[in-house]
1. Does at least one position in segment 49-64 carry a residue that is outside any helix (DSSP H, G or I) and either in contact with a Gly (Cβ under 7 Å, 6 or more places away or on another chain) or exposed (fewer than 14 other Cβ atoms within 10 Å of the Cβ) (or both)?
2. Do we have any residue at all in segment 89-98 that's assigned to a helix (DSSP H, G or I), basic (K, R) and either in contact with a helix residue (DSSP H, G or I) (Cβ under 8 Å, 6 or more places away or on another chain) or surrounded by 16 or more Cβ atoms within 10 Å (Cβ to Cβ) (or both)?
3. Inside segment 117-127, can you point out the residues that are surrounded by fewer than 14 Cβ atoms within 10 Å (Cβ to Cβ) and assigned to a helix (DSSP H, G or I)?
4. Quickly run through segment 70-86 and pick out the residues that are free of Cβ contacts under 8 Å to residues at least 24 places away in the same chain and surrounded by 13 or more Cβ atoms within 10 Å (Cβ to Cβ).
5. Residues of segment 1-29 being among the polar types (S, T, N, Q), assigned to a loop (DSSP other than H, G, I, E, B) and surrounded by 10 or more Cβ atoms within 10 Å (Cβ to Cβ), which ones?
6. For a quick check of your reading of the model, give me the residue pairs whose first member lies in segment 90-112 and is farther than 11 Å from R138 by Cβ, whose second is among the charged types (D, E, K, R) and surrounded by 14 or more Cβ atoms within 10 Å (Cβ to Cβ), with beta-carbon atoms closer than 8 Å and at least 6 apart or on different chains.
7. Identify, by number, the condition in (1) among the hydrophobic types (A, V, I, L, M, F, W, C); (2) within 30 Å of Y133 (Cα to Cα); (3) in contact with a helix residue (DSSP H, G or I) (Cβ under 6 Å, 6 or more places away or on another chain) that A69 doesn't meet.
8. Kindly indicate the residue of segment 30-47 that is surrounded by 11 or more Cβ atoms within 10 Å (Cβ to Cβ) and of a type in the set (V, I, T) and also nearest to the chain's Cα centre (by Cα) among those meeting that condition.
Amino acid sequence: MVVDHVIPICQGGSNEIDNLLTACAACNSGKAGKTIEQHVPTEAHRLALAQEMQEQIAAAKAAKKAAKARMEFAQEICNYYCKARGNQSMHKATLGVLRSFAEQHGPEIVFSWIDIAVSRLDPNTPDHRFGAYISGIRRKWKEEQNG
C-alpha cells in the first residue's frame, strides 16, 4: 500500500489528512498528477481500446492467413520443380527466384519455363544454374512481350 493524494499537489491539493488515502501500488502506478477520476479510463476510452484490440486480432489473423498462403504457394512451386527435375528438394535461393517470377507473371508461365529448362539442360545441372537458365528464358519472354 502507498499513500496517495486525492487531489494531487500539482492541482492544488494539500498534505492534509483529509486529502490522503491509501492505494495499492498498482492502482497508484502511473497516475502521476491526476485524480483517480482523471486516471481511470472512461467508458468511451475502454470501448476504443477494445475496438483496437479486436482490430489487432483481426490483423494478426489476416497476416497468419497470408503467410500460410505464401507458404502454400512456395510449396506448389517447389513440388512442381522437384517433380519436373526428379529431385527431392531444391535450393532456397532458386525457390525464391521462381516464387518471385510466379508472383509477377503467374505460376503457369513459370511452370512452362521449368519444363523448357528441363527439356534443354542436363539432369545434373545444379539448381543455381537451372535458376539462371530460367531467368534467361524469362528475359527473352519479356523481350518478346515488349517488342
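1. Within segment 49-64, none of the residues are outside any helix (DSSP H, G or I) and either in contact with a Gly (Cβ under 7 Å, 6 or more places away or on another chain) or exposed (fewer than 14 other Cβ atoms within 10 Å of the Cβ) (or both).
2. no
3. S119, R120
4. C78, C82
5. Scanning segment 1-29 gives S14, S29.
6. M90/D127; H91/D127; A93/D127; T94/D127; P107/E76
7. Failing condition for A69: (3).
8. The first filter runs over segment 30-47 and keeps only residues surrounded by 11 or more Cβ atoms within 10 Å (Cβ to Cβ), leaving 31, 33-36, 38-40, 46-47.
Filter once more, so that each one left must be of a type in the set (V, I, T): 35-36, 40.
Working: T35: 40, I36: 39, V40: 33 Å.
In this case the residue turns out to be V40.
The values are calculated or read from the model by the stated rules, or taken from the named source; none is laboratory data. A quick note: this is a predicted structure, and the numbers were derived from the prediction, not measured. We place every Cβ from the backbone using ideal geometry, glycine too, and count neighbours over all the protein chains shown.
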